[in-house]
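**Student:** Please see the structure below; I have some questions.
Read the figures in this text as sums done on the coordinates, not as results from a lab. Just so you know, these numbers come straight off a predicted model, no measurement behind them. Positions of Cβ are generated from backbone atoms using ideal geometry, with glycine treated the same way; all protein chains shown enter the neighbour counts.
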């Protein structure tokens with residue numbers, strides 16, 4: 001009897017090699033672009049908290065993580081945020097389906113922090129997590145991208 005292919009896991013060739021921090025900044029750009037650049041670090045930190053939370057709920061809802069019950073949490077998050085009125089439509093956009101360029105990215109963000117460099121610029125540092133079923137393939141993908 002032929003074995004049914006695993007449709008839950010994306011092929012290892014589809015695993016991203018781009019830094020998760022770069023992906024998160026790109027994903028959150030609709031919200032981040034509203035800033036002028038001189039906001040307090042705490043405000044920037046709060047915006048990244050929102051962006052990363054939304055990203056992680058999207059990731060966990062993917063079949064490869066097997067937690068589709070997390071999707072309704074997005075609406076709860078939206079309703080509980082104390083987001084200023086002008087930013088609510090942008091947050092709602094992030095809560096909607098992920099754009100195609102992010103749709104197959106199974107990575108979730110673990111530990112993260114903002115860091116100020118010597119020039120006073122803020123940079124994001126994130127730890128990427130993949131589902132256990134993809135750990136070996138992801139490690140191989142990263143290794144191959146560094147050579």
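**Student:** I want to make sure I understand the PRE zone here: with the label point 7 angstrom from the Cα of residue 145 toward its beta carbon, which residues in the stretch 80-115 have backbone N atoms less than 19 Å away?
**Tutor:** 99-113
**Student:** Among 120, 96, 28, determine the one that fluctuates most according to a GNM of the chain built with springs between C-alpha atoms less than 10 Å apart.
**Tutor:** The residue that fluctuates most here is 120.
**Student:** Okay, moving on. Which one of 39, 127, 93 has the biggest mean-square fluctuation once the chain is modelled by GNM with Cα springs under 10 Å?
**Tutor:** With Cα springs under 10 Å in the chain, the top fluctuation among 39, 127, 93 is at 39.
**Student:** So, one more: Given only helices, namely DSSP H runs of n ≥ 4 each adding -39500 (n - 2.57), what is the per-residue ellipticity at 222 nm of the chain, to the nearest 500 deg cm²/dmol?
**Tutor:** Numbers: 6 runs with 66 residues, N = 147.
Value at 222 nm, helices only, nearest 500: -13500 deg cm²/dmol.
**Student:** Please compute the Cα-Cα pair-distance distribution of the stretch 61-125 with 5 Å bins starting at 0, giving whole percents from short to long.
**Tutor:** 4, 12, 16, 18, 22, 17, 8, 3, 1
**Student:** With an 8 Å Cα cut-off and a minimum separation of 6 or more residues, compute the relative contact order for the chain in percent.
**Tutor:** With pairs under 8 Å counted, the relative contact order is 30 percent.
**Student:** What percent does the relative contact order of the stretch 101-147 come to when contacts are Cα pairs within less than 8 Å and at least six residues apart? Numbers along the way, then the final one.
**Tutor:** Values: 38 pairs, mean separation 14.9, N = 47.
Result for the stretch 101-147 is 32 percent.
**Student:** Among 98, 18, 107, which one moves the most in a GNM of the chain with springs linking Cα atoms closer than 10 Å?
**Tutor:** 18
**Student:** Need one number: the % of Cα-Cα pairs in the chain sitting beyond the 20 Å mark. Walk me through the numbers before you get to the answer.
**Tutor:** Values: 5639 of 10731 pairs.
Pairs farther apart than 20 Å: 53 percent.
**Student:** Calculate, in nm to one decimal, what residue 117 and residue 104 gain on full extension: separation in residues at 0.36 nm each, minus their alpha carbon distance.
**Tutor:** Gain in length upon complete extension: 1.5 nm.
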